[in-house]
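Trainee: Let me give you the structure first, and then I'll get to my questions.
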Amino acid sequence: MAEVNEEIAKAYFEEICRYFVETDHYFKKSSKKAHKRGGTGPSDIDLLLLHPTEGIYGKRAMVSVKGWHGYVLNSENCKKNYKWMHGFEKQDLDAAEDRFKSKDFSKILVVPRINEEEREEVERYAKECKGIDYIITFPFMLKEIFDKIGDSSRYYKESEVLHTLTVSYRHYITPIIEENIKLKKDISKLERR
């Protein structure tokens, strides 16, 4: 069973981007540290995506979801090679290639947030130094999901995560948006005086 961050990413790729999504993709991955302990290292493949024609991220893609929501990705910390910016290892790429039966697939990293002033630099670094084709943030995915699901009750039966997001949207986010709109109108009236 995927964790909640992966479920949100899965909902985005399935509902918004119309990919078929495979979760829980396990494969034997050896690492020097894990090998010394007699085990294998964790896979960085959280999702595998397949589109029936050609989706916005290509026909096939592998996804690594980093859910440390307190962090903001910027040029300094991504160059320090933090865990969530290390890219995919050769074993991950080989496993995806084996699953897809193709070398033609996108590499996607899902991260909490990116410092918007440094987005271009971070994306350039990710592509040139780490081989990552796309970086997608949780705020972007959630906005896309909220724009589509709104307060639709159709999602109550399909997904616990989408049900939770729908309830959150209806009971928490919509009132905040409405309050902000009212506040902006009140400020605008004050400014006109």
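Trainee: Conditions: (1) surrounded by 13 or more Cβ atoms within 10 Å (Cβ to Cβ); (2) at pLDDT 65 or above; (3) not assigned by TED's automatic domain parsing to the domain that holds Ala61. Lys185 meets all but one. Number of the miss?
Mentor: (1)
Trainee: When you go through Met62, Met85 one by one, which is the residue that is of a type outside the set (Asp, Glu), modelled with pLDDT under 80 and either under 17 Å from the mean Cα position of the chain (by Cα) or not assigned by TED's automatic domain parsing to the domain that holds Glu117 (or both)?
Mentor: Working: Met62 fails: modelled with pLDDT under 80.
Result of the check over Met62, Met85: Met85.
Trainee: Residue pairs, Cβ under 7 Å, 6 or more apart or interchain, first in the stretch 9-23 and modelled with pLDDT of 90 or more, second in a helix (DSSP H, G or I). List them.
Mentor: From residues that are modelled with pLDDT of 90 or more, the pairs are Ala9/Met141; Tyr12/Met141; Tyr12/Glu144; Tyr12/Ile145; Tyr19/Phe13; Val21/Lys10; Val21/Phe13; Val21/Glu14.
Trainee: Another one. Among Ser75, Ser30, which is modelled with pLDDT under 70 and surrounded by 15 or more Cβ atoms within 10 Å (Cβ to Cβ)?
Mentor: When all the criteria are applied, what remains is Ser75.
The values are calculated or read from the model by the stated rules, or taken from the named source; none is laboratory data. Everything numeric in this text was worked out from a predicted model, so none of it was measured. Don't worry about glycine lacking a Cβ; one is built from the backbone with ideal geometry, like all the others, and counts go over all protein chains shown.
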